[in-house]
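The values are calculated or read from the model by the stated rules, or taken from the named source; none is laboratory data. Predicted, not measured: the structure shown is a model, and the values here were computed from it. Don't worry about glycine lacking a Cβ; one is built from the backbone with ideal geometry, like all the others, and counts go over all protein chains shown. We work out accessible area using only protein heavy atoms, side chains counted, and drop any ligands, DNA or RNA first. Shrake-Rupley method; radii C 1.70, N 1.55, O 1.52, S 1.80 Å.
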Amino acid sequence: MNEKQKKPQKLKARLPRGFVDRSAADIRAVNEMTAKIREVYEHYGFDPVETPLFEYTDALGKFLPDSDRPNAGVFSLQDDDDQWMSLRYDLTAPLARHVAENFNEIQLPYRTYRAGYVFRNEKPGPGRFRQFMQFDADTVGAPGVQADAEMCMMMADTLEALGIKRGDYVIRVNNRKLLDGVLEAIGLGDEDKAGQRLNVLRAIDKLDKFGPEGVRLLLGEGRKDESGDFTKGAGLTSQQIDRLLDFINILQTAETALGSQSLAQNPVAGAEIDGGAIFDTLYNNFKDSPKGIEGVLELKQIWQLVEAADYGPDRIKIDPSVVRGLEYYTGPVYEAELLFDVTNEKGEKVVFGSVGGGGRYDGLVSRFMGQPVPATGFSIGVSRLMTALKNLGKLGQSEVIEPVLVTVMDGQDMDALGRYQRMTQELRAAGIRAEMFQGNWKKFGNQLKYADRRGCPIAIIQGGDERAQGVAQIKDLIEGKRLSGEIEDNASWREARVAQETVAEADLVAKVREILAAQAEDRARAGGNG
């Protein structure tokens with residue numbers, strides 16, 4: 001029995017979850033933004049480098065978002081030699097591999113920047129994507145906190161170069177050694193506790209999002225969100241959780257002390273901590289922890305350096321409540337936060353929050369080297385910062401004029417096509433965006449509809465009669481659209497012959513330029529009146 005041949009199923013076009021297509025406007029906005037960031041980095045003496053999207057999974061190492069399985073937290077595949085490779089989840093771990101592999105050729109300190117996509121194999125959600133762009137700057141081979149202070153100053157300069165004024169942002173600075181001292185005290189200091197420590201760090205990092213009670217759940221058994229999804233917790237005991245929440249309270253107390261200018265004289269390791277009640281508070285709470293005191297001293301030095309360079313608390317602020325979510329940070333950590341309000345997807349006014357951060361990661365390169373290699377750096381979340389700049393009206397303001405359309409009246413006549421192509425090339429050579437219509441030329445009205453939908457400012461029309469005379473019609477589509485609302489009937493339109501004129505081919509470029517200039521004046525006038 002013959003079965004009926006089944007009709008092939010049409011393939012369904014669908015975008016993978018957690019990924020987005022980018023429009024021309026978004027791409028141009030990112031290019032505009034990254035050009036300004038790049039200019040600041042170059043001004044500071046940083047040079048570009050590029051690493052591949054894939055790294056061997058063991059090079060990403062124990063710092064994977066989920067270290068239990070090679071394909072959790074990151075996207076991984078097995079190469080034909082049975083080695084696991086993963087898409088990079090940030091730009092820092094690949095840089096560490098690059099430095100270690102090329103250590104003998106690299107001049108230390110190595111000051112470099114790079115932009116690129118990173119990938120997270122995590123549950124997508126509103127504003128949370130599996131692919132996003134970061135823009136990093138790093139200094140490798142500089143052990144002193146002056147390198148960390150400079151990173152913070154460069155972050156501040158970058159935000160201002162992008163048009164974010166002082167008062168609308170702050171760079172918050174802390175030191176990971178404060179938290180490390182507490183983790184050691186509650187029994188999480190050993191190497192075999194690395195995974196649990198990472199979960200603790202991530203939980204504390206969500207303090208501003210979920211509050212102390214939400215963090216308590218994430219430190220314990222776990223937390224269920226509004227959708228019913230459950231996030232497994234760090235599995236700490238109630239005593240460990242209480243100690244950590246006490247620590248968080250200390251940090252918040254220290255933050256409130258920042259505005260005070262009392263003087264604290266606390267001799268620590270032969271140095272004096274002075275210049276603000278915040279250091280007094282920190283000293284009193286960490287005096288029994290050598291690692292904690294080391295962190296307090298480093299924070300004091302950063303504070304002194306940024307004050308000396310006139311980047312005081314209106315730009316860079318010591319804030320012990322900052323905790324970065326990755327485990328590889330070993331010293332100072334910092335976060336760039338935007339302070340202005342935006343409207344979220346629920347229509348609520350919320351503070352925009354973090355757009356980037358980083359810190360010192362002295363152990364990352366050392367894993368490959370067997371010798372200490374200090375490093376510090378920060379990363380800007382490009383997509384998130386772009387959203388902020390759009391909210392401020394600081395991005396996408398530069399005009400992109402759509403192309404002049406050279407229409408096609410006779411697509412079968414090679415001489416005619418040659419003339420159309422020559423006109424198009426002459427416009428391009430003069431620096432004017434132009435395209436020759438490449439669709440079905442037989443219905444001329446569709447060409448003008450295409451120009452209208454595309455937003456083309458001008459259409460060039462040349463039929464057989466015009467070609468014989470060496471002329472072309474220039475149609476001002478912007479003026480024509482405006483006048484079409486003012487002229488009521490076809491007879492008036494034919495009589496007026498507005499927004500269209502005949503010019504010699506030799507004068508075509510000059511006339512197009514003249515019309516584009518007039519359109520630009522109209523836009524400027526309209527913008528000024530707005």
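Scanning the stretch 136-192 for residues that are of a type in the set (Lys, Arg) and within 26 Å of the chain's Cα centre (by Cα) yields 165, 166, 172, 176.
Here the stretch 298-347 is the region considered, the condition is being farther than 23 Å from residue 165 by Cβ and basic (Lys, Arg), and the residue that is modelled with the highest pLDDT is 300.
A single member of 221, 213 is of a type in the set (D, E, K, R) and in contact (Cβ under 8 Å) with a residue 12 or more places away in the chain, and it is 221. For the stretch 391-403, a tally of residues being surrounded by fewer than 17 Cβ atoms within 10 Å (Cβ to Cβ) and either part of a helix (DSSP H, G or I) or at pLDDT 90 or above (or both) returns 2. Restricting the search to helices (runs of 4 or more DSSP H) fully inside the stretch 413-473 and requiring at least 3 residues that are surrounded by 14 or more Cβ atoms within 10 Å (Cβ to Cβ) gives 414-429, 444-454.
Within the span defined as the stretch 368-390, one or more residues are open to solvent by less than 40 Å² (accessible area, probe 1.4 Å), in contact with a Pro (Cβ under 8 Å, 6 or more places away or on another chain) and either under 25 Å from residue 139 (Cβ atoms) or not acidic (Asp, Glu) (or both). Cβ-Cβ below 7 Å, separation at least six or inter-chain, first residue in the stretch 106-132 and over 24 Å from residue 85 (Cβ atoms) and among the charged types (D, E, K, R), second modelled with pLDDT of 90 or more and assigned to a strand (DSSP E or B): which pairs? Close Cβ pairs (under 7 Å, with a partner that is modelled with pLDDT of 90 or more and assigned to a strand (DSSP E or B)) amount to 111/47; 111/139.
Exactly one residue out of 160, 122 is over 18 Å from residue 312 (Cβ atoms), open to solvent by 30 Å² or more (accessible area, probe 1.4 Å), in contact with a strand residue (DSSP E or B) (Cβ under 9 Å, 6 or more places away or on another chain) and acidic (Asp, Glu): that is 122.
Right, residue 49: within 17 Å of residue 132 (Cβ to Cβ), open to solvent by 10 Å² or more (accessible area, probe 1.4 Å) and not hydroxyl-bearing (Ser, Thr, Tyr) or not? Taking the combined requirement at face value, the residue does not satisfy it.
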